[in-house]
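Just dropping this structure here.
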Amino acid sequence: MTDLSEAQAAQEASTIGPPLWLLAEVTYRCPLHCVYCYNPVDFAKHEDELTTEEWFKVLREARALGSVQCGFSGGEPMLRDDLELLVAEAHRLGYYTNLLTSGVGLNEKRIDALKEAGLDHIQLSFQDSTREMNDFLSSTRTFDLKRRAADLIKSRGYPMVMNCTIHRHNIDHIEAILQLADDIDAEYVELANTQYYGWAQVNRDQLLPSREQLERAERITNEWREKHGNKMKLFFVVPDYYEKRPKKCMNGWGNIFLTITPDGRALPCHTARMLPGLEFPSVREMGIREVWYESEGFNRYRGTGWMKEPCSSCPEKEKDYGGCRCQAYMIANDPAAADPVCDKSPFHHKIVAAVEQAQIPGNPQQVKPLIYRGPKESLQLDRPF
Amino acid sequence: MTVTTASVPKIGRHFRIQWEEAQKAYVLLYPEGMVKLNQSAGEILKRCSGEASVADITADLEQTFNAQGLQQDVINFVELALQQKWVETT
Ligand code: SF4
Ligand code: SF4
């Protein structure tokens, strides 16, 4: 090997990989009002949605960089009348196309059009398995509708992938949720505990389950797995508040994920918009190549160079990249701090305090009224999280 | 699951294989996920058309790469791919 080729090899190893995953949040509009919604609390201020042509440009440029998985989410993506056009363009460009929907607005006509457009996959989200609970959580009558959506999805030959967000108010219904998943022949079921961003952070103390609730739910999920074998693949995600190490958030900042918000902000993660002192570029003003490789927003927390103690000298820093920047900001008031979920963080006691509070039934924090996600509430709260 | 030279593997339902220039590799795409294939996996999988048998695939590979004795490698890989549901056999 010559010196030159060694230098080239070293350079290649240090280069930034492509944004393999493109998440197109095509709208913040949504007919539901989930109390754990992951959209920014001030979403109602960002109404100026990208046009069809602007989305086409995003899709083209990201694909040219190497994006290959494309997710259409929201809000409720079905509220975009041009969703079929966007899917068709993504399909034509060679993406594997995924739709993340609550199922509202999905009917025979639209699912046929989506299939025709080349949609590869649909993930259906459920708020809970009983009508009463479902209505309580989303405050609209959507449960029967979801069942119909599930039937439509299956009848068009899609795998049935169901996602249910779990929290204090529905976690005790886990059997009913699993039964429902089985009834609709779900192939993959994700029972994901709420992550505390956006509206879920507003409602955090009311949503965090107790340890006992969690253990019960996990045990039942395991029993179900043993009894039913491989027919349904079950994933149970515990809230990171109960962990001592943070998750490897987004698989690393600016590593493989690229999110585009309804109004065209490019983000390394769909909640990063809340972070202070960072200008995230708009795709109306900057091409995707420059966004990904050169923008300050994407470079700031890439890799490990930006870290402070305790992360910077930590042997585990490549494992979790210091966890979530948003959680660090929300709890330690510093986006460059260690994720306070980590027990090496000097702010870990704040997580412990929230968890402890969740063990005391009926304490005042827990029984505060839930705030439903909605445009009116968004404008009233008028804050990023 | 036993795979023989007569088995006819086909890319599994909900999976898609394609060449990705940015990664200089074949990738297998599926709902919300992706596997990057190494060269031999890519070369075998792209021949899993549902028409060619393991024997045909082996012969094709041996000819293309001017190699011999690949049969067991192909069988082993197709068995693994079956377990992962990357392929189905008919
Ligand atoms: S979490 Fe609920 S309210 Fe938020 S976008 Fe999804 S379905 Fe709509
Ligand atoms: S100190 Fe930082 S890098 Fe180390 S485990 Fe905790 S969060 Fe991860």
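Taken together, the values in this text are just the output of simple stated rules run on the coordinates, not laboratory data. This structure is a prediction, so every number in the text was calculated from the model and none was measured. Counting neighbours? That spans all protein chains shown, and the Cβs are built from the backbone with ideal geometry, glycine included.
For B:ILE17, list long-range residues whose amide hydrogen, built 1.01 Å from N in the peptide plane, is under 5 Å from its own amide hydrogen.
Amide H neighbours of B:ILE17, under 5 Å, 5+ apart: B:LEU29.
Let me know the whole percent of all Cα-Cα pairs from the stretch A:243-385 that are separated by more than 26 Å.
Details: 3534 of 10153 pairs.
Percentage above 26 Å: 35.
Okay, next question. What is the dipole size for chain A, taken about its Cα centre, with +1 at each Lys and Arg Cβ and -1 at each Asp and Glu Cβ, in debye to the nearest 20?
Values: 46 positive and 56 negative charges, 96 e Å.
Using only the charged Cβ atoms, the result is roughly 460 debye.
Rounded to a whole number of µm²/s, how large is the Stokes-Einstein D of the stretch A:305-382 at 25 °C and 0.890 mPa s, given Rh as the Kirkwood radius over C-alpha pairs? Could the numbers behind the result be given before it?
Working: Rh = 14.6 Å.
Rounded, D is 168 µm²/s.
Now for a separate question. What Cys residues in the protein assembly as shown are without a partner cysteine, judged by a Cβ distance under 4.7 Å?
Within the protein assembly as shown, the cysteines lacking a partner Cβ under 4.7 Å are A:CYS30, A:CYS70, A:CYS164, A:CYS269, A:CYS311, A:CYS314, A:CYS326, A:CYS342, B:CYS48.
Further question: Averaged over its residues, how many other protein chain Cβ atoms are within 10 Å of peptide B:26-33's Cβ atoms? Walk me through the intermediate numbers first.
Details: counts 0, 4, 1, 8, 5, 12, 12, 5.
Mean shielding count: 6.
At R0 = 56 Å, how high is the FRET efficiency between B:ALA55 and A:LYS231 if r is their beta carbon distance? Nearest 0.05 is fine.
0.95
Show the residues, 5+ positions off or on another chain, whose built amide H is closer than 5 Å to the amide H of A:ASN39.
Placed amide hydrogens put A:TRP199 under 5 Å from A:ASN39.
Now a separate question. Taking the Cα atoms of chain B, what is the range of coordinates along each of the three principal axes, in descending order and whole Å?
Projected onto the principal axes, the Cα atoms of chain B cover 34, 28, 19 Å.
What is the Cα coordinate range of chain A on the first, second and third principal axes, sorted by size from largest, in whole angstrom?
For chain A, the Cα spread along each principal axis is 66, 52, 47 Å.
Taking θ as phi - 60°, what are the ³J(HN,Hα) couplings along the stretch A:207-222 by the Karplus curve (6.51, -1.76, 1.60), each to the nearest whole Hz, with x for Gly and Pro?
Taking θ as phi minus 60°, the curve returns 9, 5, x, 7, 4, 4, 4, 4, 5, 4, 4, 5, 5, 5, 4, 5 Hz for the stretch A:207-222.
Loop by DSSP (not H, G, I, E, B), at most 10 other beta-carbon atoms within 10 Å: where is the longest site-free stretch of chain A for GluC sites (Glu not before Pro)?
Within chain A, the longest run free of exposed GluC sites (Glu not before Pro) spans A:1-278.
Taking the number of other C-beta atoms within 10 Å as the exposure measure, put B:SER49, A:SER282, A:SER67, A:SER313 in order starting with the fewest. Mind dumping the intermediate values first?
Details: B:SER49 12, A:SER282 15, A:SER67 28, A:SER313 9.
Starting with the residue having the fewest Cβ neighbours, the order is A:SER313, B:SER49, A:SER282, A:SER67.
So how do B:LYS85, B:LYS24 line up by other beta-carbon neighbours within 10 Å, fewest first?
Details: B:LYS85 12, B:LYS24 9.
Least to most surrounded, the residues fall as B:LYS24, B:LYS85.
Among A:PHE72, A:ALA266, A:ALA337, pick out the residue whose Cα is farthest towards the positive end of the charge dipole of chain A, where Lys and Arg carry +1 and Asp and Glu carry -1 on C-beta, about the Cα centre.
Toward the positive end, the furthest listed residue is A:ALA337.
Report, in whole Å, the centroid distance computed from the Cα atoms of the stretch A:313-353 and the stretch A:190-215.
Spelled out, the Cα-based centre of one part sits 18 Å from the other.
Sequence gap of 8 or more, or different chains, plus Cα separation below 21 Å: how many lysine pairs satisfy both in the stretch A:263-375? Show your work: numbers first, answer last.
Numbers: A:LYS308/A:LYS317; A:LYS308/A:LYS319; A:LYS308/A:LYS344; A:LYS308/A:LYS350; A:LYS317/A:LYS344; A:LYS319/A:LYS344; A:LYS350/A:LYS368.
Here the count comes out as 7.
Please rank A:LYS109, A:LYS344, fewest neighbouring Cβ atoms within 10 Å first, as an exposure proxy. Let's see the in-between values first.
On the way: A:LYS109 8, A:LYS344 15.
By the 10 Å Cβ count, ascending: A:LYS109, A:LYS344.
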